[in-house]
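The structure appears below as structure tokens.
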Amino acid sequence: MGISSGFVHPSGAGFRCGAGWVRVWVAVDREIRRPCLLQLRMLLCLSRGLLEGPSVIEVSGVTHHFGVGPVLRDVSFAVPTGRTLAILGPNGRGKTTLLKLMAGLLSPAFGQVRIDGVLRRSSVEAELAIRAKTYFLPADAWFPPTITGREYILAVGETWRVPILRLFEHTDQLLELFQLKDISNSLISSYSTGQKRKLALCAALASEANILLLDEPFSGGLDPAGLTAIRHILRRLPRRSERTVVLTSPVPELIEQIADDVLILDKGQIQRYATIPEIIASCGASTFDEALRQLIFPETEDALVRYFEHEVNR
Amino acid sequence: MTAWHRMSYPPRAWFVVFVIAVVLTDLLAGALWLSFSKVLVEFQLKRFDLAIGLFSIVLCIVAAIALGVFRAMRCPLRDSGYHEWLAASPWEGCEKTPFGPCAPHRLDCVPLGVLGLICVSHALVFGYSELTTIILWGSWNGRLAILLSIALMPTFAFLGVWVLSITSAMLQWRAWVGILQSWWVAVIVHTGVWLGKEICLAAIVVSVPVLAVPYLFWLQRALRELPGKSLAMPVAGSRGTGLMNDMGMAKKLSPENQCLSPSGYEPMIVRYFRENRTSAISNILLLGACAGWFPWEKSAIPGLWMLLMILAMVRLLIHIDRLHSPLSLPARWATRRWIIPAYDVVFLPSMLMIVVGGLLLQLGAWGLLPMWLAVPLSVSAACLMGFLSGRRYVEWSLTAPVAYDVRQVRK
């Protein structure tokens with residue numbers, strides 16, 4: 001049995017075996033997930049683990065750089081079906097790049113991205129099949145300005161080949177849920193920033209894609225009603241319909257409510273990939289917010305203290 | 001009309017504005033005729049109600065132009081946001097584009113037909129006296145021709161705008177389309193010179209639908225290639241699978257970072273010609289051949305010299321835009337280092353362009369070569385020198401003692 005490469009996940013590990021991936025679920029200490037010991041540890045896992053199907057997204061050894069600035073360095077992880085993964089990290093550390101690589105809008109300089117076990121961009125047919133399963137929502141979504149919101153959602157659904165009757169029904173439900181029904185027949189160019197964001201989220205949900213890649217879904221001027229709607233949908237969607245969601249967001253409270261797993265990127269590398277309780281426990285923190293401050297922005301609290309000391313002296 | 005087809009039309013408010021404008025124009029013209037017709041006829045004054053009534057025809061043509069602009073705006077080849085959206089979607093090039101058609105469609109006959117009918121009816125009502133002569137005394141063919149040409153004016157306007165607009169998009173994908181345009185312009189110029197301006201105008205009008213047909217065909221082909229093709233150049237150092245081009249666009253961190261990139265930085269146009277050398281050479285030769293179509297006179301030589309200078313300057317600026325000389329001119333004077341061979345090699349191709357191109361032009365001016373041969377030879381030779389001579393950009397940028405533009409880096 002030739003094992004060529006592996007990946008890590010908070011709840012287990014996997015390795016490449018012949019044509020497919022084998023994931024091994026383990027309930028062991030965190031040491032087992034150290035990439036440097038991965039191959040050896042995985043063999044150990046095999047003896048006590050439970051064999052499962054392949055992960056839906058597999059990123060292995062991905063390195064990417066713009067010009068001379070490396071953005072991602074040897075990033076490997078896997079996302080199992082029906083999970084919600086939140087990618088966190090300081091600004092400009094590769095979160096959006098990683099999402100774009102998963103969405104196929106960028107090709108990694110090194111490494112591979114597989115969706116449902118199929119290598120991205122390996123053939124035209126495979127790529128189109130992957131695209132049908134995936135919906136990427138960028139932070140600044142593109143809209144055709146001269147069509148209405150309803151037409152936009154319907155066009156997206158048709159492009160993703162959603163049966164038309166179900167699409168009509170779902171579109172109405174989404175428009176009502178996000179309070180866009182009144183303006184659904186107005187031109188998109190007349191929408192506010194928040195309404196456009198809601199419309200983009202509606203379109204993403206209307207596509208019924210199995211994998212949602214959402215870049216900053218909570219930003220862009222969403223009102224409390226919109227935030228509540230998308231938070232509840234994202235919390236229930238993966239569990240009810242086995243869909244996988246990968247998102248980026250800077251808001252820890254929302255992440256805590258939605259995400260199953262958290263991947264923290266720093267300087268282009270995975271700093272931590274674990275479930276939220278594990279992250280809180282590993283940092284010895286009382287809340288997820290506190291744990292994130294320790295992990296991602298340890299210098300911010302010191303800087304704040306220094307700043308206010310100066311304020312007092314002035 | 002289907003919902004999909006309506007998506008490529010201007011907003012409904014535009015239609016309302018158009019209808020109101022036509023109705024108001026007609027009402028105004030009618031009111032003027034009813035009020036002042038006797039005075040006008042009595043004093044044999046020019047009928048200004050006629051001019052106002054015919055203004056509706058202008059409105060119809062403007063409406064057709066708007067339709068053409070909106071249709072061209074729906075083309076994913078023109079809109080990088082649309083293209084990126086499509087690149088992440090399961091859309092296939094052979095399918096209809098998601099947000100409405102991007103090319104003329106058979107259903108366009110409906111609005112264009114309506115506009116044509118408005119034109120014809122207005123021409124008959126308001127231009128009755130002017131058309132009477134033709135309609136009463138002209139042949140059947142003549143009557144049919146004039147009415148048909150009036151009815152087709154909106155269609156020609158629609159197609160003309162679409163063809164012009166799509167040309168710029170097509171040039172990115174198929175550079176030789178530009179050559180085709182040059183040939184066609186040459187034909188029209190010669191038509192005007194030899195046969196008269198009326199024939200030339202007719203040729204221009206006929207050329208609109210004639211060009212629209214191959215454009216439709218090429219657009220379909222380009223759209224079929226679109227799901228796997230990028231408007232942007234591949235990321236430096238990226239490894240494609242060979243089956244599809246890279247969708248990524250290099251993020252511009254700073255010019256300095258790009259110049260320092262291990263794989264070297266190349267301006268897009270230089271990279272395009274390097275990677276498509278055969279296509280570039282054939283296009284240049286075709287361009288030269290097209291130049292031979294024009295009826296050049298010796299009086300055009302100063303202008304052609306200017307063109308050569310501009311081409312040489314453009315070539316130079318593309319190269320030294322970000323990679324400046326390590327010593328400025330005053331510094332060279334101060335250090336008495338007039339030539340820095342590793343850097344100054346970049347000036348040679350531009351100088352060759354002027355010398356070789358200019359020499360061939362002068363041969364024409366001196367009568368040693370006929371002008372129809374001298375001009376195309378000069379243009380082709382200058383362009384070939386520009387693209388083929390000199391060191392490769394990446395090689396030069398990585399080995400020459402260049403200085404980066406401090407102002408650009410600060411930005």
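The values are calculated or read from the model by the stated rules, or taken from the named source; none is laboratory data. Keep in mind the model is a prediction, meaning the values are calculated, not measured. Note: ideal-geometry Cβ built from the backbone for every residue, glycine included; neighbour counts use all protein chains shown. The protein model used for the area step is the full one, side chains on, heavy atoms only, and it has no ligands, DNA or RNA in it. Shrake-Rupley method; radii C 1.70, N 1.55, O 1.52, S 1.80 Å.
Need one number: buried accessible surface between chains B and A, 1.4 Å probe, both sides summed, DNA, RNA and ligands left out, in Å² to 100.
Numbers: alone 23690 and 15190 Å², together 35490 Å².
That pair hides around 3400 Å² of surface in total.
Of the solvent-accessible surface of region B:285-388, computed with a 1.4 Å probe and all protein chains present, 80% belongs to carbon and sulfur.
Figure note: A:THR287, B:THR399, A:THR84 ranked by solvent-accessible area, largest first, 1.4 Å probe, ligands and nucleic acids not counted: B:THR399, A:THR287, A:THR84.
With θ taken as phi - 60° and the Karplus curve 6.51 cos²θ - 1.76 cosθ + 1.60 applied, the whole-hertz 3J(HN,Hα) list for region B:84-96 is 5, 4, 5, 5, 9, 10, x, 5, 10, x, 7, 7, 6 Hz, x standing for glycine and proline. Near the amide H of A:ILE87, within less than 5 Å, lie the amide hydrogens of A:LEU247, A:THR248, A:SER249, A:LEU263, all on another chain or at least 5 residues away, with H placed in the peptide plane.
Computed 3J(HN,Hα) for region A:79-86, one whole-Hz value per residue from the Karplus formula 6.51 cos²θ - 1.76 cosθ + 1.60 where θ = phi - 60°, is 10, x, 4, x, 10, 10, 10, 10, glycine and proline marked x.
On the protein heavy atoms, probe 1.4 angstrom, tell me the percent of accessible surface of region A:188-290 carried by carbon and sulfur.
Within region A:188-290, the accessible surface is 48 percent carbon and sulfur.
Each part gets one Cα centre, and for region A:89-121 versus region B:293-340 those centres are 44 Å apart. Sorting B:TRP91, B:TRP194 by accessible area puts them as B:TRP194, B:TRP91; the probe is 1.4 Å, largest comes first, and only protein heavy atoms count. Pull out a ≥ b ≥ c, the square roots of the eigenvalues of the alpha-carbon gyration tensor of region B:266-358, then state rounded if a/c is under 1.5, prolate if not and a/b is larger than b/c, and oblate in the remaining case. Cα axes put region B:266-358 in the oblate bin. For the listed residue pairs A:LYS100/A:LYS181; A:LYS95/A:LYS181; A:LYS95/A:LYS198; A:LYS95/B:LYS96; A:LYS198/A:LYS267, the alpha carbons are over 28 angstrom apart in A:LYS100/A:LYS181; A:LYS95/A:LYS181; A:LYS95/B:LYS96; A:LYS198/A:LYS267. For region A:86-118, the residues whose backbone nitrogen is under 18 Å from a point 7 Å from the Cα of A:ASP266, taken along Cα to Cβ, are A:86-96.
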